[in-house]
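Only one structure is covered here, and it is reproduced in the block below.
Just so you know, all these numbers are worked out from the coordinates, no wet-lab data involved. Owing to the predicted nature of the structure, the values given are computational and were not obtained by experimental measurement. Counting neighbours? That spans all protein chains shown, and the Cβs are built from the backbone with ideal geometry, glycine included.
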Amino acid sequence: MGLSASQLPHTRNKTSSRSPVKSVSASGFTVKPEDWTRSPSSTVQYPHPPQAGGITETIFGIEVKDPWRALEDLESDETKAFVKAQNELSIPRLSKHPLRKPLEAAVAACYNHAQMSNPELQGNGYYYWRFNPGTAPRDVIVRSKDLSEHFGKAPGSEGPDLFYDLNEEEKVSLYAHSFSPSGRLWCAVLQYSGSDWQRLRIIDTRTKEVLERDLGGSKFTFGVTWVGEKGFIYKRSVIYDPSNDGYDGIDGAFGMFYHAVGQPQSTDVLIWSPPNGVFQYIGKTKVISVNEQEGSGERAWLALDVYRNTSPETELLVIELPGGTANPVGSTIAELVVKEGKWLSRGFTGETRYIGSLSSGRHFFTSFTDGHSTGRIIAFDSAEWETTPDGGNVPLQEIIPDDPSGYQLQSAHVIGDQVIALIYLKHACASVVFVDARTGKRLGAADAEGTHGEVVAAPDTQIPVPENEISRASEGTVVIPEHGAITSVSARPYASDFYFTVDTWVAPSYVLKGAIIKNKAGSLEVDISNVSPVDDAAPHETLISCQVFYDSHDGTRIPMFICHSQDLDLSKPHPLLLHAYGGFCAPVLPHYDPMFATFMRNVRGIVAIAGIRGGGEYGTAWHQAAIGVQRSVGWDDFASAAIHLQFIGLTTPSLTAIYGSSNGGLLMSASTIRHPELFEVVFVDVALTDLVRYHKFVG
């Protein structure tokens, strides 16, 4: 059956108290239906994989055939020959396709505007952020002490200072980075040629000079944990040999090491490793303190979040650092972890994460444990540490309970020693609530319907999204679109300003500034404004996004975003790209993707994003509904999305393409095998296909 544009629940144009932005077309090129029609004579002779080297194994009593085991050896002659044959087939066809260059130009046009990350305030008074002028291969890191003057500008005499240029090296990317408490030292986590293996580089921020040889052997290191200025804790393979610097055969157990700055990596101290025969790892250690600076004299603790698998379930072990962060000793930390640790959570019932402290000595955590799967805020006071015996459970207080509407807590941040900002997900769309950190009193909120309570947006705040993204139900100034996500927040317990990035499916992301002030009545107030004027060169698309809910195979309601050009005639079917992820409790949140935008505008297609089970759209229960032996539940959710879209007439099987990456790549492979009748084109990107052996080759 057909579906008219008026039947889709997207919003209509609405005049709101925000400054409008002009519409800029990224490219006038449009693909015609005859351009993508496949020629009847078009045949593909796909290369045969190696015929030798297959194996049959019995796994849990089931005989499993793996005829192409030889392809696991990337350097073998068989693998190289197979890759060569694939390239000889695909590269000429792709490079000579008549649509390649115009589509490439259309995608590039969506990138070709200044792009900035959140500015992050460091102890040296500088704000640091990523910057890309548009189509540079990699971002640069810039810094400034004057955001109002420099944010949004390219580095140079009129802009911020260029701190680090990733483009000076080939095939390198910045995975994560961490500043020391004073801001004097910076550790970059670098990846080369797309490998999961990482190297750590230490730089003096005053001179921008590298201080020592890069550290190797790391993987999935989400930044290091500085303990004062003399060293840091990082993740590394326990059998990595720094003198050899080789990676063959070192996958397996990963431990946490303390590195003293200026000392050889061979002297690093192993402070934690998983028990023998048990698969466990640390996500990222954190220092808990009112003030992490070496000379502050404040007490400090080290939190170790222990995972037993990739599910969001931890045990949180905490030790007190003798002397605070002033004089850390690796061997002492290792001994304390074994003998004097105390627990904030046990039993792997959910995650517990440190988010910041107050000057009063109260330390806050997000907690999803013990049945609180949507998340709450808990805390312990410094004085309560002594009352807990070594190996015992530290008494915790509930500061902010679970959201009464059942919305999912995405993250929380302590700001200016006064306020906690809580980012919630409502059907994968964001809202932010501000709470007095000392009293727990709700100050106000910002969501798709506007700002509320003691949250005030400046009248001239610009929100660079299409008018259709502003909810019809909005009252007052809107800073978060109806189908928006808060993808990043930078805040400090000692600074009253904070910054957050807002993203949508239909326009590039933008950064807003918040400030905690005392109003005339003496009450706390949160003021929101632009960091700097909005870049009118950005491609503010005339695109529409809406959210619908469809019934899966078992009657469960699944959320789905549907995005397309504003003037698309929905009374007839169109090319449709269906995307999903469905893994690791990770929700698919609104984000601007130039390839999606090009498909909508230039191919005149529809992009649909399904929030299937296995992901994190509704927290732990949503994730657990499609893992292990239940994994196929998520695959059925995905098939149901295609069936729904085709049934309501937005597309047909012959016009449906599907795309997924990583865990989503596995979803694409499974969907193709299970329901080939539903899809015409399948894009499988770096799929986690062989789950039985995935853990052996994650790198």
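Straight-line reach from residue 230: taking Cα to Cα under 20 Å and skipping same-chain neighbours fewer than 8 places apart, the aspartates and glutamates in range are 204, 209, 212, 214, 268, 292, 294, 298, 320, 335. Extending 7 Å from Cα along the Cβ direction at residue 195 and again at residue 677 yields two label points whose distance is 4.7 nm. Under the shape rule built on the C-alpha gyration tensor, where the axes satisfy a ≥ b ≥ c, segment 542-696 is prolate, since a/c reaches at least 1.5 and a/b is greater than b/c.
When the alpha carbon gyration tensor of segment 94-241 is reduced to an equivalent ellipsoid, the three semi-axes, largest first, read 30, 24, 11 Å.
Per residue Cα convex hull volume for the chain, in cubic angstrom?
Details: hull volume 123.0 nm³, N = 699.
Convex hull of Cα atoms, per residue: 176 Å³.
Could you pull out which residues in segment 65-105 have an amide N less than 14 Å from a spot 7 Å beyond the Cα of residue 57, following the Cα-Cβ vector? Answer for this model: 65-73. Ordered by the number of other Cβ atoms lying within 10 Å of each residue's own Cβ, fewest first, 692, 629, 433, 478 fall into the sequence 629, 692, 433, 478. Give the calculated FRET efficiency between residue 278 and residue 78 to the nearest 0.05, with a Förster radius of 41 Å applied to their Cβ-Cβ distance. It comes to 0.70. Note on residue 65: lysines with a C-alpha under 29 Å away, same-chain residues under 8 apart excluded, are 80, 84, 696.
Considering all C-alpha pairs of segment 176-284, those separated by over 20 Å amount to 36%.
How much length would be gained if the chain were fully extended between residue 105 and residue 148, taking 0.36 nm per residue of separation minus their Cα-Cα distance, in nm to one decimal?
Working: separation 43, 0.36 × 43 = 15.48 nm, distance 3.29 nm.
Gain on extension, residue 105 to residue 148, equals 12.2 nm.
Computed over the alpha carbons of segment 374-438, Rg followed by Dmax gives 14.3, 43 Å.
Model label sites at residue 442 and residue 331, defined 7 Å from Cα along the beta-carbon direction, differ in position by 5.5 nm.
Compared with the rule-of-thumb size 2.2 N^0.38 Å for a compact globular protein, segment 295-402 has a Cα radius of gyration ratio of 1.07. Across segment 32-149, the volume of the C-alpha convex hull divided among the residues equals 270 Å³ per residue.
If each residue's Cβ is checked for other Cβ atoms within 10 Å, how do 340, 169, 120 rank with the fewest at the top?
Sorted ascending by nearby Cβ count, the order is 169, 340, 120.
Going from the residue with the fewest nearby Cβ atoms within 10 Å to the one with the most, 279, 220 rank 279, 220.
Computed from label points 7 Å out along Cα-Cβ, the spacing between residue 691 and residue 157 is 6.0 nm. Sites listed here are GluC sites (Glu not before Pro) in segment 388-491 whose DSSP assignment is loop and whose Cβ has at most 13 other Cβ atoms within 10 Å: 475.
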